[in-house]
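The values are calculated or read from the model by the stated rules, or taken from the named source; none is laboratory data. Worth saying up front: this structure is predicted, and the values here are computed from it rather than measured. So basically every Cβ, Gly included, is an ideal-geometry build from the backbone, and we count neighbours across all protein chains shown. Surface accessibility is based on the protein's heavy atoms, side chains included, excluding ligands, DNA and RNA. Shrake-Rupley method; radii C 1.70, N 1.55, O 1.52, S 1.80 Å.
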Amino acid sequence: MFGNDPEQVPSRALTMSAGTILKARHLLLVAVESDKASIINKALNDPISETVSAIAIRLHDKATIILDEAAASLWKRPTIRP
């Protein structure tokens with residue numbers, strides 16, 4: 001995950017369970033760079049399940065998602081039908 005380089009491993013991280021995230025009044029997801037593209041695509045397009053915790057953002061009624069072009073590069077945008 002970090003190129004087998006211990007120097008690349010972050011010394012700190014913030015994690016939360018999907019349940020804790022869903023209790024928030026408002027969610028803000030900001031993703032930048034192409035290394036986030038795969039998980040963004042899964043979070044926004046995979047079937048709702050427990051396999052990808054980021055899918056929980058789709059279950060929240062007040063979520064804002066901000067992506068740069070690289071992070072959105074794999075996202076299969078839904079087709080809008082009239």
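Data table
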read-out: Number of the exception - ALA43 against (1) surrounded by 11 or more Cβ atoms within 10 Å (Cβ to Cβ); (2) in contact with a Phe, Trp or Tyr (Cβ under 7 Å, 6 or more places away or on another chain); (3) among the aliphatic types (A, V, I, L, M); value: (2)
read-out: From ALA37, ALA56, residue being more than 16 Å from TRP75 (Cβ to Cβ) and not hydroxyl-bearing (Ser, Thr, Tyr); value: ALA56
read-out: Members of the range 1-22 that are surrounded by 10 or more Cβ atoms within 10 Å (Cβ to Cβ) and either in contact with a Lys or Arg (Cβ under 6 Å, 6 or more places away or on another chain) or outside any helix (DSSP H, G or I) (or both); value: VAL9, MET16, SER17
read-out: Residues satisfying the stated conditions in the range 44-79, i.e. β-branched (Val, Ile, Thr) and either part of a loop (DSSP other than H, G, I, E, B) or more than 13 Å from the chain's Cα centre (by Cα) (or both); value: ILE48, THR51, VAL52, THR79
read-out: Pair list, Cβ under 7 Å, 6 or more apart: the range 3-17 residue within 18 Å of ASP35 (Cβ to Cβ) and among the hydroxyl-bearing types (Ser, Thr, Tyr), other residue open to solvent by 90 Å² or more (accessible area, probe 1.4 Å) and at pLDDT 80 or above; value: none
